[in-house]
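Colleague: Please see the structure below; I have some questions.
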Amino acid sequence: MLQAQVAQSADFGMNTEILHRVFGEHAEEAVISVKAELKRLEHQLSRFVPGSEISRINQAAGKETVTISPETYEVLSGAIRFSQISQGLFDISIGPLVDLWDYKHAIRAPEETRIQQVLPLVNFHDLIMDTKRQAAGLRTRGQSIDLGGIGKGYAGDCCIRILQQYGIVSAFVSIGGNVSVLGNKPDHSPWRVGIRHPRRDCLMGMVEATHQAVVTSGDYERYFVDQTGKRQHHILNPTTGRPAESGLISVTVVADSALTADALSTAIFVAGMERGLGFLAQVPGAEAVLVDKDQRVFITRGLKGCCQTAQGIRANLI
């Protein structure tokens, strides 16, 4: 057992609940630093914070590029990588579509004519990255970046890096359900990360993780039911402008990086099982738990032995 202090906290930031469980000699100081870093990142990366680097890029769309910090450049570069892997099914230039659907207030889907007007603004190829100047920009007025599918993952990776700088070897960080774990639990056993059932108020199963990230994308996280009784969830397909209908209702990705797990879970959810597994195969070490619309559960072979489903739920190995 680790003979060290434990620091635990529950906060609200990045528009979600943030939990920390940190074990080590400098646990308290480490958590204070992690909290400060998350606040700094939110003020840098959130498009809803006036003056953030992402806000400045969005405001300058179609006009000029904006000099940005190394962190913002890293996130945008990572986003482009996963846009390329997913052939555009993951796309951070989806901001105009997210605004159109307005999930905080919507009770009905936008008119198809409005969707078709906005769709041409969604194109990751229009994100300009100037390596020499460390600057970024968007080609067309009205375009905007939304980091909802990758920002919390990047923040989780930053938390783990800071904890390591303090000599922490055992920690659990959850940013809105995006989980990053450092090392094992203090008793040397792996961390057990629960996976929510997409249609019931309970856990569907759990994954054992050691120094990994576990991130889930599902159609149950944010949605409204429209006047026809259809569930309109928040994970939009950048090619149709509508909520993804790929046959999947939940995708959990386990990877070495939370940024990777965050972006991949979104891309696979939009792509569907067959195409999504092709994306997964391009990222060494990444594994997944998939739930289809019939509530059948599928796990990739790398999770055999470390993924357990709840009683009565059968997992199919793929």
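Colleague: Scan the range 102-125 and report the pairs whose first residue is under 14 Å from L236 (Cα atoms) and whose second residue is β-branched (V, I, T), with Cβ atoms within less than 6 Å and a gap of 6+ or a chain change.
Modeller: What qualifies is V122/I94.
Colleague: Give the range 20-35 a look and list any residue that's open to solvent by 60 Å² or more (accessible area, probe 1.4 Å) and either in contact with a helix residue (DSSP H, G or I) (Cβ under 8 Å, 6 or more places away or on another chain) or not β-branched (V, I, T) (or both), or say none.
Modeller: Within the range 20-35, R21, E25, H26, E28, E29, K35 qualify.
Colleague: Is it the case that some residue within the range 80-99 is open to solvent by 30 Å² or more (accessible area, probe 1.4 Å), part of a loop (DSSP other than H, G, I, E, B), over 19 Å from V253 (Cα atoms) and in contact (Cβ under 8 Å) with a residue 40 or more places away in the chain?
Modeller: No: the range 80-99 contains no residue that is open to solvent by 30 Å² or more (accessible area, probe 1.4 Å), part of a loop (DSSP other than H, G, I, E, B), over 19 Å from V253 (Cα atoms) and in contact (Cβ under 8 Å) with a residue 40 or more places away in the chain.
Colleague: Among the residues of the range 54-71, write down those that are open to solvent by less than 60 Å² (accessible area, probe 1.4 Å) and either within 25 Å of S180 (Cα to Cα) or among the aromatic types (F, W, Y) (or both).
Modeller: Residues satisfying the conditions are I54, S69, E71.
Colleague: Of the numbered conditions (1) within 26 Å of R222 (Cβ to Cβ); (2) within 22 Å of the chain's Cα centre (by Cα), S69 fails exactly one; give the number of that condition.
Modeller: Result: S69 passes all but (1).
Colleague: Right, here's the next one. Go through the range 209-244 and give me each residue that's closer than 25 Å to L280 by Cβ, open to solvent by 60 Å² or more (accessible area, probe 1.4 Å) and charged (D, E, K, R).
Modeller: Within the range 209-244, E221, R222, R242 qualify.
Colleague: Taking the range 282-318, which residues are in a loop (DSSP other than H, G, I, E, B) and loosely packed, with under 11 Cβ neighbours inside 10 Å?
Modeller: Scanning the range 282-318 gives P284, D294, G305, Q311, G312, R314.
Colleague: Determine, yes or no, whether S77 is touching a residue at least 40 places away in the same chain (Cβ under 8 Å), open to solvent by 10 Å² or more (accessible area, probe 1.4 Å) and among the polar types (S, T, N, Q).
Modeller: yes
Colleague: Let me ask another. Which members of the range 6-19 meet the condition of being charged (D, E, K, R) and surrounded by 14 or more Cβ atoms within 10 Å (Cβ to Cβ)?
Modeller: D11 - this is the single residue of the range 6-19 that is charged (D, E, K, R) and surrounded by 14 or more Cβ atoms within 10 Å (Cβ to Cβ).
Colleague: Residues in the range 190-205 that are surrounded by fewer than 18 Cβ atoms within 10 Å (Cβ to Cβ) and either part of a strand (DSSP E or B) or modelled with pLDDT under 95 (or both): how many?
Modeller: 7
The values are calculated or read from the model by the stated rules, or taken from the named source; none is laboratory data. None of these values were measured; they are calculated from a predicted model. A quick note on method: Cβ atoms are made from the backbone with ideal geometry, for glycine too, and the neighbour counts reach across all protein chains shown. Note: areas computed on protein heavy atoms with side chains; ligands, DNA, RNA excluded. Shrake-Rupley method; radii C 1.70, N 1.55, O 1.52, S 1.80 Å.
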